[in-house]
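Presented below is the structure to which this report refers.
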Amino acid sequence: MPKAFSEIERNRIEKRLLEVAIEAFGTQGLRATRIADLCQRAGIAKGSFYAFYPSKEALFLALVERQDKKHKRDMLAYFVEGDRDPEARLASFFDLLVDKVETDPLLKLLGTHGEMEYLMRALPEDAVAAHQEADAAFLRRFCDILVEKGFVASADPEALDAILMMLVCLRLQRPMLTDLQYGAAVDLLRDNFVSRLIGANR
């Protein structure tokens, strides 16, 4: 039976697990990383791992959600000041999203052969559904903020979700595209993103 940890110990161990996991997943891949490897790096017994996460895939999802929180904070903060014209502001915001998608190490990992499919099979359906619902709730809030700040008169969260998903899928397929193809596709998505928001409000 795993040792009972104090709250301070739990916080320290969980922080350490997240740190070693992002390094291990990044170098070995999700499928190839073993729980024993993670425990050795974190300095805990293998049995203790399950006091924190039911699986390495759940640990990976925790990393994704931690990264998501940072991305979402940055997205909301971008529209705190509304001193630029809406069209330019939305276009430069889309470029911020492109940068995030291109530099996110977890997304890069999922773009390697078979990792995304593996993760979707390994995670419980309710965990995936909860993550998707959290994203949908954030997009609704984000659209409300765009309206409140006066950037647009209305915004459709489902349309924005579709465009953002296309951006993520494009990044996952990046190895199959030339630089010219990738750049042209990003430009098309940026134009679509801006026109769906600005064009619908003219």
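The values are calculated or read from the model by the stated rules, or taken from the named source; none is laboratory data. Computed from a predicted structure; not experimentally measured. Heads up, the Cβs are rebuilt from the backbone with ideal geometry, glycines too, and the neighbour counts pull from every protein chain shown.
If you scan segment 87-103, which residues turn out to be crowded, with 18+ Cβ neighbours inside 10 Å and closer than 26 Å to Ala21 by Cα?
Leu97, Val101
Condition (residue is under 18 Å from the mean Cα position of the chain (by Cα), modelled with pLDDT of 90 or more and either closer than 16 Å to Glu65 by Cβ or in a loop (DSSP other than H, G, I, E, B) (or both)) applied to segment 143-164: is it met by at least one residue?
no
What do you reckon, is Phe138 assigned to a helix (DSSP H, G or I), touching a Lys or Arg at 6+ places or on another chain (Cβ under 6 Å) and in contact (Cβ under 8 Å) with a residue 12 or more places away in the chain?
When the stated conditions are applied, Phe138 passes them.
Where in segment 4-80 are there helices (runs of 4 or more DSSP H), lying wholly inside it, with at least 3 residues that are surrounded by 13 or more Cβ atoms within 10 Å (Cβ to Cβ) and either touching a residue at least 60 places away in the same chain (Cβ under 8 Å) or touching a strand residue (DSSP E or B) at 6+ places or on another chain (Cβ under 9 Å) (or both)?
Result: 7-28, 56-77.
Please verify whether segment 16-25 includes one or more residues that are of a type in the set (Asp, Glu) and under 19 Å from Leu123 (Cα atoms).
No, segment 16-25 contains no residue that is of a type in the set (Asp, Glu) and under 19 Å from Leu123 (Cα atoms).
Residues of segment 38-90 being of a type in the set (S, T, N, Q) and within 30 Å of Ser195 (Cβ to Cβ), which ones?
The one that is of a type in the set (S, T, N, Q) and within 30 Å of Ser195 (Cβ to Cβ): Gln67.
Restricting the search to segment 1-53, which residues are β-branched (Val, Ile, Thr) and in contact with a helix residue (DSSP H, G or I) (Cβ under 7 Å, 6 or more places away or on another chain)?
Ile13, Val20, Ile22, Thr33, Ile35, Ile44
Output the residues belonging to segment 1-43 that are of a type in the set (Gly, Ala, Ser) and over 23 Å from the mean Cα position of the chain (by Cα).
Of everything in segment 1-43, those that are of a type in the set (Gly, Ala, Ser) and over 23 Å from the mean Cα position of the chain (by Cα) turn out to be Ala4, Ser6, Ala36, Ala42, Gly43.
Out of segment 166-179, which residues are over 12 Å from Phe193 (Cβ atoms) and in a helix (DSSP H, G or I)?
Passing the criteria: Val168, Cys169, Leu170, Arg171, Leu172, Arg174, Pro175, Met176, Asp179.
Identify, by number, the condition in (1) more than 23 Å from Lys69 (Cβ to Cβ); (2) out of contact with any Asp or Glu (no Cβ under 9 Å at 6 or more places or on another chain); (3) modelled with pLDDT under 90; (4) not β-branched (Val, Ile, Thr) that Asp179 doesn't meet.
Looking at each condition in turn, Asp179 falls short on (3).
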